[in-house]
Every structure is written in C-alpha cells, then in structure tokens.
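Read through the structure below, which is laid out as structure tokens, and then see the notes.
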Amino acid sequence: MIHIAETVTMGSVEGFLYDEERARLATVMNDFLTAEERAHFGEKRTTSIHEIPGHCHEQAMAVYEPAGRVEIPKIPDEAEQLLLYAFDRARPALSRVMPSITACRPWTYVEYGPGQHITGHLDGIAPDPLAWPRQIAGISVVISEAEAGGAFYVESCSSDRLWNTRLDHATGDGYTDGMWLAHDGADHSADWFAQMPRTRWSVSPAPGTALLYGSQLTHGTEPVLRGQVAKFISWLIAEKHER
C-alpha cells in the first residue's frame, strides 16, 4: 500500500555512488558530450522531460528552466547500467523510507551553468494516479558540484490549496485510506502555485550522495553562481503487485 508519507518525504543515501564509480560516470559523460553534442542537448535543445498540459515544449522549458540547462534523457548504456547497479545496491536503505518502491526509471543527465536553475514544482504521482506504475519519488545524484550556488531545495507547505482529492476508501486502488492527491499543474505556470506560501529547505549533498524527494513535494534548484553542477536524476516507481 502506498502511504502519503512516501510522496511528501525527503531522504538521502550517502555513498550511493563510490568515488571510482562517480569518476567513471564523469569520464563517460565527458567523452559523450563533444562540443557539438553539448550544444545539441543544451542551447539548441527544443524538447524537455518536463511537460505542462496545453503548453508546447518551448513554453514548458521557459517555465521550468528559464535560463536553460544541458539535458540528456537517454544516457550511454554504460552509465545507465552503473546507476542501475547502484540503485539495486541501495534497495535496503530505500525500502526503509519508501517501502512501496519496486523499480527505477531510466536515468537523465543534467548540467547547470552560471544563472541556470530549475523552478519549484511537483512531479506528481502520475497523469492518472489510479493507473500503474506510480511515481513515488524523484532521485538525484551529484557528480560534480558548482563552485558557488546551485543548491537543491524542497519546499514544505500547509496550504489546503495544494491538495485536490482525498481517497477515503483507497485500499482497493493500492493506497492507504485517506490518501491525498495534489492538484495537477503545481508549477510556476499556475498563479495559484506561484503565490502559495511555502518554506524552503536547501541542501548541498556530498557528490555521490543520492537525494530522494517525494513526488508530491515541491522541489527545485537555486541558480548556479559560479562553476557548473553535473548530476543524474531519475524517478522511483511502484508497480502493480500481481496476486
């Protein structure tokens, strides 16, 4: 059963990547990102992993990443396999805080340079939260830090405005009774979300540490002031249990 606590919590797995694994991932991505490829996935990119219903990719990018970023949604196979191995190794730690997680989606590589950031938003459980699989949390792992700025943050909020539906009889749908589902469109394209009071909690994890953030928890990154942040991100899901 999926409990709301899994979707609004934050956690960490220190040592998710060993130093030699992090170094190898940096080498793989540096070899992949020639000047031409960096431009293709950076300033020349016209698509995004983020979507806003009723908006085109360019509009979604302007909302989520107003100063741009490098975004590679399909990383080299070696990097994907190494990260999958790290996820499998971390399953015992992950299951203590998010016990419904069964799998990890393919990883995405992102870089942020000076002035670049991601605005606060919720990922959401799924376009249809009663369908399977269900997105329980995001996960990010920093490979290299910026010299200044670029911190990851989550934002807590007590406003009723964030919540849309309460599932009073949800056990048949795989949720605990009383499960709350957040409103769709919880990002800066919506005035109600942008104006809603929130409290920010910022963190700068050690490289190789995995950060976990529930799919119904607002999160984003602060602008890089100097240098560059490189990280991998993915989403942890719950799959339907077949009896």
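For the chain, what is the accessible area per residue in Å², given a 1.4 Å probe and the full set of protein chains?
Working: 11910 Å² over 243 residues.
On a per-residue basis, 49 Å².
Which residues' amide hydrogens lie under 5 Å from the amide hydrogen of I2, considering only partners 5 or more residues apart or on another chain, with H built in the peptide plane?
Result for I2 returns Y175, T176.
Amide H to amide H, which residues 5 or more places from M196 or on other chains are under 5 Å from it, using H placed in the peptide plane?
Placed amide hydrogens put nothing under 5 Å from M196.
³J(HN,Hα) across region 157-174 via Karplus (A = 6.51, B = -1.76, C = 1.60, θ = phi - 60°), whole Hz, x for Gly/Pro?
Residue by residue, region 157-174 yields 7, 9, 5, 5, 4, 6, 9, 10, 9, 10, 9, 6, 10, 10, 4, x, 9, x Hz.
In whole percent, and with a 1.4 Å probe on the protein chains, what portion of the accessible area of region 21-160 is carbon and sulfur? Each step should come with its number before you reach the end.
Numbers: 3570 of 6590 Å².
Its accessible area is 54 percent carbon and sulfur atoms.
In region 1-97, which trypsin sites (Lys or Arg not before Pro) fall in coil by DSSP and have 11 or fewer other Cβ atoms within 10 Å?
Values: sites: R22, R24, R38, K44, R45, R69, K74, R89, R96; in loops: K44, R45, R69, K74.
Answer by residue number: K44, K74.
Hey, got the dipole for the chain? About the Cα centre, +1 on K and R Cβ, -1 on D and E Cβ, debye to the nearest 20?
Numbers: 20 positive and 33 negative charges, 65 e Å.
Roughly 320 debye for the chain.
How many nm is it between the label spots at A194 and T46, if each spot is 7 Å from the Cα in line with the beta carbon?
Computed distance between label sites A194 and T46 equals 2.6 nm.
Only loop residues by DSSP count here, and only those with at most 11 other Cβ atoms within 10 Å; note down the GluC sites (Glu not before Pro) in region 31-98 that meet that. Before the final figure, lay out the partial values.
On the way: sites: E36, E37, E43, E51, E58, E71, E78, E80; in loops: E43, E51.
Here the GluC sites (Glu not before Pro) that fit, given the DSSP loop and packing criteria, are E43.
Taking amide H positions as placed 1.01 Å from N in the peptide plane, with prolines and chain starts having none, which residues 5 or more places from A182, or on another chain, fall under 5 Å of its amide H?
Here the answer is N164, since their amide H atoms fall under 5 Å of that of A182.
The values are calculated or read from the model by the stated rules, or taken from the named source; none is laboratory data. In this text, all values refer to a predicted model and were calculated from it rather than measured experimentally. All Cβ positions, even for glycine, are placed from backbone atoms using ideal geometry, and neighbour counts span all protein chains on display. The area values use the complete protein model at the heavy-atom level, side chains included, leaving out ligands, DNA and RNA. Shrake-Rupley method; radii C 1.70, N 1.55, O 1.52, S 1.80 Å.
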